[in-house]
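The values are calculated or read from the model by the stated rules, or taken from the named source; none is laboratory data. Because the structure is predicted, anything quoted here is derived from the model rather than measured. Note that we place each Cβ from the backbone using ideal geometry, even for glycine, and neighbour counts take in every protein chain shown. With ligands, DNA and RNA removed, areas are computed over all heavy atoms of the protein, side chains included. Shrake-Rupley method; radii C 1.70, N 1.55, O 1.52, S 1.80 Å.
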Amino acid sequence: MAVLVALGAFLMTLVGGWTAQHVTDRRHLVLGLAGGLMLGVVGMDLLPEALRAAGEAVFGVPAALLLFVAGFLLAHLVERLLAHRQAAHGGEENGGRAPEVGLTAAAAMVGHSAMDGVAIGAAFQVGGGMGLAVALAVIAHDFADGFNTYTITSLYGNARRKAITMLFADAAAPVVGAASTLFVTIPEKLLGGYLGLFGGVLLYLAAAEILPEAHHEHPARSTLLCTVAGVGFIWLVVGIAG
């Protein structure tokens, strides 16, 4: 049952990626919406779950928050290192952005989607009602995952083929994750730590890359409204799932 439900997440992820592909004439709106979706996912989904699952304090600070900050700094460090290497080889065609950063971020999205599938499988082990509730939340926000995966990959100058490849990997990940729960159980603390780290990476990409790019050439009110709409959509999904 968990694997069958995860197929819904597969389809919803593809729909999100397809939407991101076909609104290129409104790129600033796409980026504004993507930034809002990412901000909403971090603040209303990833961090609360990370604090619940891995909330033990380390020298007065919850471990999940330490990993959240570490993820933010890690993303910044990786981007700077790759951008510096690219500049040293004369690669400035993407505004100083290294395509590897986009692929790395998309790979993290794939990992997150696999954890979504694990969450579906674990919830069905608890009970059918719990499984359906978690599946509803995962399927709803996988639209945002697919949208963001394609947007992030292409924003950093990667070819459309690579962006589509990462999109399909992200779509398949929940199915793989759900199937894995038939054989493996991930410790809750480890899962919480991962969510905190991934949340920091995602926030860096949204705040330092996606949103500034969205407002750089088109500082329009409509772009800001798309960002707010993205946050609101995630709030709605979390509220319904709760």
Residues of the range 177-216 classified as free of Cβ contacts under 8 Å to residues at least 40 places away in the same chain and in contact with a Ser or Thr (Cβ under 7 Å, 6 or more places away or on another chain), total: 0
Pick from Leu14, Leu37: which is surrounded by 18 or more Cβ atoms within 10 Å (Cβ to Cβ), within 17 Å of Gly230 (Cα to Cα) and not small (Gly, Ala, Ser)? Leu37
Selection from the range 3-53 of residues that are in a loop (DSSP other than H, G, I, E, B) and either touching a residue at least 60 places away in the same chain (Cβ under 8 Å) or in contact with a helix residue (DSSP H, G or I) (Cβ under 7 Å, 6 or more places away or on another chain) (or both): Val23
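Conditions (1) of a type in the set (A, V, I, L, M, F, W, C); (2) under 16 Å from the mean Cα position of the chain (by Cα); (3) closer than 14 Å to Gly32 by Cα; (4) loosely packed, with under 15 Cβ neighbours inside 10 Å, marked per residue:
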residue	(1), (2), (3), (4)
Thr185	no, no, no, yes
Glu188	no, no, no, yes
Gly193	no, yes, no, no
Leu202	yes, yes, no, no
Leu205	yes, yes, yes, no
Glu209	no, yes, yes, no
His216	no, no, yes, yes
Leu236	yes, no, no, yes
Spot the failing condition for Gly157; the list is (1) touching a helix residue (DSSP H, G or I) at 6+ places or on another chain (Cβ under 9 Å); (2) open to solvent by 50 Å² or more (accessible area, probe 1.4 Å); (3) assigned to a loop (DSSP other than H, G, I, E, B), and only one is missed. (2)
Cβ-Cβ under 8 Å pairs, at least 6 apart or on other chains, the range 54-72 side among the β-branched types (Val, Ile, Thr), far side open to solvent by 70 Å² or more (accessible area, probe 1.4 Å) and not in a loop (DSSP other than H, G, I, E, B): Val58/Leu66
